[in-house]
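Notes to accompany the following structure.
The values are calculated or read from the model by the stated rules, or taken from the named source; none is laboratory data. Computed from a prediction, not measured in an experiment: that's the story for all the values here. Cβ atoms come from the backbone with ideal geometry, glycine included; neighbour counts cover every protein chain shown. Remember, those area values only see protein heavy atoms, side chains included, never the ligands or the DNA or RNA. Shrake-Rupley method; radii C 1.70, N 1.55, O 1.52, S 1.80 Å.
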Amino acid sequence: MPFPKGFLWGGATAANQCEGGYDEGGRGLANVDVIPHGPDRNDVSRGLRRMLDFEPGYYYPAQTGIDFYHHYREDIALFAEMGFKVFRLSIAWSRIFPNGDEEEPNEAGLAFYEDVFRCCREHGIEPLVTITHFDCPIHLVKKYGAWRDRTLIELYKRLVTVLFNRYRGLVRWWITFNEMNMILHRPFMGAGIVLEPGENAREAEYRAAHNELVASAWATKIAHEVDPENKVGCMLLALI
């Protein structure tokens with residue numbers, strides 16, 4: 001059976017997995033940056049080991065990724081050569097709002113992604129953009145306890161409003177959160193949640209998941225208000 005006309009065939013990346021350039025272009029530090037490779041990775045990603053900055057003796061893969069930040073033009077050209085019709089990628093929240101709660105966005109970050117999306121279009125590739133692929137600015141982890149706090153709903157609404165307006169006409173396909181249910185398995189990686197001693201872990205995780213669901217609903221509403229042509233969905237982690 002052939003694929004239907006207009007089927008989008010391509011591949012996917014995440015900002016924290018591929019970009020690198022963690023301290024360039026005004027970008028701030030995020031939870032996903034400080035998850036190390038090695039034996040402590042599991043405890044850090046599960047919120048059991050507090051690590052909110054780079055520590056000596058650890059290797060942090062997100063610092064360099066595959067250096068997409070500097071090589072995206074040649075990478076996207078290779079995607080086109082492979083026959084990609086869609087490229088799913090994510091935006092690093094801390095490139096747009098380095099601390100997460102600024103009043104005004106970081107123009108360098110906005111310009112970077114605009115150039116990426118335009119480069120995709122030049123090669124006939126449709127960008128499919130994940131707004132949050134686990135990224136939570138470290139400042140929000142420290143100040144609010146990350147997605148435990150409903151304040152992040154309002155900050156996320158500010159983020160998506162900026163994105164939908166800036167990239168109107170460049171991006172039509174959006175995903176609000178990647179694998180939202182990862183919060184229940186790796187709460188620090190999924191939502192910036194560091195579990196406190198004696199804290200009810202499930203309560204913290206479900207509160208964060210609830211807040212992300214509310215934020216996702218708001219994002220969908222705002223997306224359609226900015227551009228009725230926007231298509232918005234969400235991603236779930238499938239455990240096998």
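Structure notes:
- Only helices (runs of 4 or more DSSP H) whose full extent lies in the range 1-111 are considered here, and the ones with at least 3 residues that are among the acidic types (Asp, Glu) are 68-81.
- Qualifying positions in the range 8-34 - among the charged types (D, E, K, R) and open to solvent by less than 10 Å² (accessible area, probe 1.4 Å): Glu19, Asp33
- When each of Ala12, Ala30 is tested for being of a type in the set (A, V, I, L, M) and under 15 Å from Val141 (Cα atoms), the lone residue that passes is Ala30.
- Some residue of the range 219-235 being within 25 Å of Asp53 (Cβ to Cβ) and open to solvent by less than 10 Å² (accessible area, probe 1.4 Å): no
- Tally of residues being open to solvent by less than 50 Å² (accessible area, probe 1.4 Å) and out of contact with any Cys (no Cβ under 7 Å at 6 or more places or on another chain) across the range 64-92: 14
- Cβ-Cβ under 9 Å pairs, at least 6 apart or on other chains, the range 213-229 side under 17 Å from Arg168 (Cα atoms), far side surrounded by 15 or more Cβ atoms within 10 Å (Cβ to Cβ) and at pLDDT below 95: Thr220/Cys234
- Restricting attention to the range 156-183, the residues that are touching a strand residue (DSSP E or B) at 6+ places or on another chain (Cβ under 9 Å), within 13 Å of Ile96 (Cα to Cα) and among the aliphatic types (A, V, I, L, M) add up to 3.
- Search result, residues across the range 185-200 that are over 12 Å from Gly145 (Cβ atoms), in contact (Cβ under 8 Å) with a residue 24 or more places away in the chain and either open to solvent by less than 10 Å² (accessible area, probe 1.4 Å) or not basic (Lys, Arg) (or both): His185, Met189, Gly190
- Of the criteria (1) surrounded by fewer than 24 Cβ atoms within 10 Å (Cβ to Cβ); (2) out of contact with any Phe, Trp or Tyr (no Cβ under 7 Å at 6 or more places or on another chain); (3) of a type in the set (Val, Ile, Thr), which one Val141 fails: (1)
- Residues in the range 201-218 that are open to solvent by 60 Å² or more (accessible area, probe 1.4 Å) and not aromatic (Phe, Trp, Tyr): Arg202, Glu203, Arg207, His210, Leu213, Ala217.
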